[in-house]
Amino acid sequence: MLCTGYTKVWELARNEIVRLDGARGTTLRVTSGGLWITLENDKRDIVLTAGDSYTIDRGGLTLVEAQDKSTVCVLASRRVEEARVLADPATRPTFTARLAAIFAPDDMGGYCPYY
């Protein structure tokens, strides 16, 4: 199995969203498809494709959206509250809207990259 040693395997449909609360330290490894991950109070957008992995580095709310039909191996060090939602494409923000939000002025008065 591709996810040997992981605590859970997600089979996600395109546009399906997994809402994670308190998932700091949880590792996500994409074996097929692609994910878009956004974290509470973080301007970064993390995009993963097959073969990529990411360890959630913040507490709070994390949203994981499947960009395609995806398989994800999940390694959680503790119990994480998760909820799945199939996103309605009509209410999903467009790529342009998401891009505009990245460059929108913030409290510091302008774009501030995260390195």
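None of the figures in this text is laboratory data; all of them are computed from the coordinates on show. From a predicted model like this one, the values you see are computed outputs, not experimental measurements. Cβ atoms come from the backbone with ideal geometry, glycine included; neighbour counts cover every protein chain shown.
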Exercise for review: Could you list all residues from segment 40-54 that are surrounded by 14 or more Cβ atoms within 10 Å (Cβ to Cβ) and among the hydroxyl-bearing types (Ser, Thr, Tyr)?
Suggested key: TYR54
Check your understanding: Of the residues in segment 18-36, how many are touching a residue at least 40 places away in the same chain (Cβ under 8 Å) and either under 20 Å from ASP57 (Cβ atoms) or not in a strand (DSSP E or B) (or both)?
Key -> 12
Point to revise | Top-ranked residue of segment 37-76 - restricted to ones that are under 20 Å from LEU2 (Cβ atoms) and part of a loop (DSSP other than H, G, I, E, B), ranked as nearest to the chain's Cα centre (by Cα) | key: GLN67
Review point. Taking THR26, is it among the β-branched types (Val, Ile, Thr) and closer than 25 Å to ALA100 by Cβ?
Key: no
